[in-house]
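Laboratory data are not the source of any read-out in this text; all were calculated from the coordinates shown. This one's a predicted model, so the numbers in the text were calculated from it and none came from an experiment. Here the Cβ is made from the backbone with ideal geometry for all residues, glycine too, and neighbour counts use every protein chain on show.
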Amino acid sequence: MAPTDEPVRQRAVTQESGHSRDLERPPLPEPLLTPVIDNHCHLDIHDGDVGAEWLGVERALELAASVGVTRIVQVGCDLPSARWSVQAASEHDGIVATVALHPNEAPRILAQGGREALEAAYDEIASLAEHPRVRAVGETGLDFFRTGEDGRGVQEESFRRHIDLAKRLGKPVVIHDRDAHDDVIRVLESEGAPEKVVFHCYSGDAAMARYCTERGWYLSFAGTVTFKNAKALREAVAVAPLDRVLVETDAPYLTPTPYRGRPNASYLVPHTVRVMAESAGVTEDEMAAAIWDSTRRVFGEW
């Protein structure tokens, strides 16, 4: 069995309320007529210990392609998943990878292994990022939801190191921004942003969308844009230029409506694309074509 046929992490994804979840996989949606790319997916993470069959890479690609999602960007966000992601991208034509230490990883590594361990982690990410199937550095950024003030210094240090790496390699940077909009932008601007910047799972409002896209940055929308309470995200889609929007799953997280709370996968992207199109006042095909072109500009051809 090939190494990429097994997930490296079997992490149960639970609702924040702590309530039990329906782990049955949602059905296939109506296919998109114009193909798109899922630009942010965690194929290595198993959603739930029981009840949700892990989709191996081949099956995930097959299901996605059947509904018009013909490519996947696999995101490695710690050392094991970064290694896994590079290998998966090397073995599967439909996948390219990104690698980084997730914003919560640097504080964890420093606390558990000290400065030497953290420097070794930075070095390994830098080495993996040179691989030709690695198309971006990320996800990196700031997360003030899970990391308290005592860990924010090293989190910002990690973010700056990843920005520098992206610029040295001439690759895009993929941003994780949770409860940290102003500080993410502050660091990007003080360091000097790489040529291409993607805000993964964009969570800002319309004003921030204007600010980011005026600087040429890309906004990637996840299933959250379909949630009933996500009016601000739909307003952000409405003001963002079509040539600056991407779509993602962040699977197995952030499953779109009407299957919120159930396991997510790339084949569910059509639900998100359709809400994005409606929000932007364009046809489904127009939105899908714009997403395809934007994704290829950021991550290249494959």
Comparing Leu43, Leu23, Leu61, which has the greatest mean-square fluctuation in the GNM of the chain with Cα pairs linked when under 10 Å apart? Leu23
Could you give me the ³J(HN,Hα) list for the range 258-274, computed from phi with Karplus coefficients 6.51, -1.76, 1.60 and θ = phi - 60°, whole Hz, x at Gly and Pro? x, 10, 3, x, 8, x, 9, 7, 4, 5, 8, 3, x, 4, 6, 4, 5
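Dipole magnitude of the chain about its Cα centre, charges +1 at Lys/Arg Cβ and -1 at Asp/Glu Cβ only, in debye to the nearest 20? It would help to have the intermediate numbers written out before the result.
Numbers: 32 positive and 48 negative charges, 68 e Å.
For the chain, the charge dipole is close to 320 debye.
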Phi-based couplings in Hz for the range 76-82 (Karplus 6.51, -1.76, 1.60; Gly and Pro marked x): x, 10, 8, 5, x, 6, 5
Could you work out the helix-only [θ] at 222 nm for the chain, with each DSSP H run of four or more residues adding -39,500 (n - 2.57) and the total divided by the number of residues, to the nearest 500 deg cm²/dmol? -13000 deg cm²/dmol
Of Ala97, Pro35, Ala111, whose Cα points farthest to the positive end of the dipole of the chain (charges on the beta-carbon: +1 Lys, Arg; -1 Asp, Glu; origin at the Cα centre)? Pro35
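Quote the Stokes-Einstein diffusion coefficient, in whole µm² s⁻¹, for the range 187-302, based on the Kirkwood radius over alpha carbon pairs, a temperature of 25 °C and a viscosity of 0.890 mPa s.
Taking Rh from Cα pairs, D becomes 173 µm²/s.
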Pull up all non-local amide H partners of Phe199: gap of 5 or more, or a different chain, and H-to-H distance under 5 Å with H placed in the peptide plane. Ile175, Tyr218, Leu219, Ser220
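Of all alpha-carbon pairs in the chain, indicate the percentage at a distance above 36 angstrom. Can you show the working numbers first?
Working: 4115 of 45451 pairs.
Tail of the P(r) past 36 Å holds 9 percent of the pairs.
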Straight distance only, please: which lysines reach the Cα of Lys196 with their own Cα at less than 20 Å, same-chain residues fewer than 8 apart left out? Lys167, Lys171
Roughly what % of Cα-Cα distances in the range 81-167 sit above 19 Å, to the whole percent? 38 percent
For the range 212-295, with +1 on Lys and Arg beta carbons and -1 on Asp and Glu, the positive-most of Ser279, Leu242, Ala290 along the dipole: Ser279
